[in-house]
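See below for the structure under consideration.
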Amino acid sequence: MRKTAAVLLLLIGLFACTKNTQNALPRTLIAPPEKVLAKNVILMIGDGMGLGQITAGMYANGNYLNLEGFPVIGLQKTHAYNNLITDSAASATAMACGVKTYNAAIGVDKDTLPVKNILEEAEEQGLKTGLVATSTIVHATPASFISHQPMRSMYEYIADDFLKSGIDLFIGGGLKYFNSQRKKGNSILPQLQQKGFTISGIANDELVDVYLGNVDKFAYFTANDAPIPNATGRDYLPQASMIAAKFLNRNRKQGFFLMIEGSQIDWGGHANDTKYIISEVQDFDRAIGKILAFAKRDKETLVIVTADHETGGFAINPKSRKDSIIGAFTSSYHTGTMVPVFAYGPGAELFSGIYENTAIHQKMRQALGFDHKADSTLVSPE
Ligand code: MG
Ligand code: ZN
């Protein structure tokens, strides 16, 4: 009897202790102010770059890619708001703005309402910003980081949104959506110049020859329309990526956000063209190598490499060899398979695990310490 009572007392005591501990917990768990983990974020998107595409590029490259230097790997779910199979507009909007939306939406939600993107948030926090692509710069992926339009095909309206942006650098194709070839009216290049842009392009200068010493903002057009494939001579992406990172990092205290897209891996997938996919993955990986080297020197840059979706249902079929990949396809469109995320640098650990594409936006904000700066009143009210 006494023994039972003692056990009971002990149990009550244990519960009491547990309760006390729980009561005490909120004090000790009050979150410290959100830390700034990374000064700079470079988001690299291989359009249509699933695991098959990466693997083919790797074997064809002597069984090695610079991607292997990334210590943290995760997976993201790419589905759009109303379609399991996303397009590049909905998925780029998910990563840029943190919302699931409909296919073809550029920086707007399911109701076509504009949603602030990470580039705009970075500008508000005083960071420099830039976009680099191997498609036109008004194509769905880069557009979703700078524009707010209901349809991805509204290229000239997307170009107009560059005038509303505080962006510091962009490099890509699509001059015809900015100059006097516009259907909409006059060239908007003079307005870009008024905003402080030095504008150049493949017709005037090679990218490597442009002197950026006293340039405030920089726009470089790599083609009038879409740039050509890597296999037929386009090779600016690694160079442009390096120039962009160095240009945006000139004031070392300021920090920057840069999005770099390997745009044409997707086009190789749509064309069910294994060689096209491989050369574009390898070109993108050379850019990854340049950026990884930059981040290793800089030590304050978070680099994220991912895709917006897989394209083609691309597989490496039997009888393939490292130097002779036999690709097979299930589709000439995108597929719904998850795509990998690779991260390096301060805050990289945030990107391990499986999560929605919208979480990329939240994780970048977290790494840059924006949650605390923007919503300081929301930090742990008990
Ligand atoms: Mg794209
Ligand atoms: Zn596509």
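The values are calculated or read from the model by the stated rules, or taken from the named source; none is laboratory data. No experiment lies behind these values; they were computed from the predicted model shown. We place every Cβ from the backbone using ideal geometry, glycine too, and count neighbours over all the protein chains shown.
Things to note:
- Counting only helices (runs of 4 or more DSSP H) that fall entirely inside the range 81-173 and contain at least 3 residues that are within 15 Å of ligand 2 (Cβ to nearest atom) and touching a Ser or Thr at 6+ places or on another chain (Cβ under 8 Å), the qualifying elements are 88-97, 140-143.
- Candidates in the range 231-273 are the residues that are of a type in the set (S, T, N, Q) and surrounded by fewer than 24 Cβ atoms within 10 Å (Cβ to Cβ); of these, the one that is farthest from residue 123 (Cα to Cα) is 272.
- The residue that is surrounded by the most Cβ atoms within 10 Å (Cβ to Cβ), counting only those in the range 274-298 that are in contact (Cβ under 8 Å) with a residue 12 or more places away in the chain and over 20 Å from the mean Cα position of the chain (by Cα), is 274.
- Selection over the range 57-96 of residues that are within 16 Å of ligand 1 (Cβ to nearest atom) and among the hydrophobic types (A, V, I, L, M, F, W, C) gives a count of 8.
- The range 213-232, residues that are within 25 Å of the chain's Cα centre (by Cα) and either assigned to a loop (DSSP other than H, G, I, E, B) or more than 25 Å from residue 160 (Cβ to Cβ) (or both): 216, 224, 225, 226, 227, 228, 229, 230, 231
- Flag not set for residue 253, criterion: part of a helix (DSSP H, G or I) and either out of contact with any Phe, Trp or Tyr (no Cβ under 8 Å at 6 or more places or on another chain) or under 26 Å from residue 92 (Cα atoms) (or both).
- Selection over the range 123-161 of residues that are closer than 21 Å to residue 98 by Cα and either surrounded by fewer than 24 Cβ atoms within 10 Å (Cβ to Cβ) or not hydrophobic (A, V, I, L, M, F, W, C) (or both) gives a count of 19.
- Tally, over the range 55-69, of residues that are more than 17 Å from the chain's Cα centre (by Cα) and part of a helix (DSSP H, G or I): 9
- Qualifying residue in the range 258-275 (condition: assigned to a helix (DSSP H, G or I), within 16 Å of ligand 2 (Cβ to nearest atom), of a type outside the set (D, E, K, R) and in contact with an Asp or Glu (Cβ under 6 Å, 6 or more places away or on another chain)): yes
- Annotation note: of 343, 328, the sole residue that is more than 16 Å from ligand 2 (Cβ to nearest atom), more than 17 Å from residue 65 (Cα to Cα), touching a residue at least 12 places away in the same chain (Cβ under 8 Å) and aliphatic (A, V, I, L, M) is 328.
- Here residue 183 does not qualify as more than 16 Å from residue 261 (Cβ to Cβ), touching a His at 6+ places or on another chain (Cβ under 8 Å), part of a loop (DSSP other than H, G, I, E, B) and of a type in the set (D, E, K, R).
- Test: residue 354 is in contact with a helix residue (DSSP H, G or I) (Cβ under 8 Å, 6 or more places away or on another chain) and at pLDDT 95 or above: no
- Criterion (at pLDDT 95 or above, in contact with a helix residue (DSSP H, G or I) (Cβ under 9 Å, 6 or more places away or on another chain) and either crowded, with 22+ Cβ neighbours inside 10 Å or within 18 Å of residue 331 (Cβ to Cβ) (or both)) met by exactly one of 45, 85: 45
- Scan the range 329-354 for residues that are within 16 Å of ligand 1 (Cβ to nearest atom) and of a type in the set (Phe, Trp, Tyr) and the total you get is 1.
- Answer from 279, 331 - the residue that is out of contact with any Ser or Thr (no Cβ under 7 Å at 6 or more places or on another chain), small (Gly, Ala, Ser), part of a loop (DSSP other than H, G, I, E, B) and over 19 Å from residue 92 (Cα atoms): 331
- Single residue of 192, 212 found to be closer than 21 Å to residue 155 by Cβ and touching a residue at least 24 places away in the same chain (Cβ under 8 Å): 192
- Yes/no for residue 38 being at pLDDT 95 or above, crowded, with 22+ Cβ neighbours inside 10 Å and either within 16 Å of ligand 2 (Cβ to nearest atom) or farther than 30 Å from residue 331 by Cβ (or both): yes
- Filter result for residue 176 (part of a loop (DSSP other than H, G, I, E, B), touching an Asp or Glu at 6+ places or on another chain (Cβ under 8 Å), charged (D, E, K, R) and in contact (Cβ under 8 Å) with a residue 12 or more places away in the chain): no
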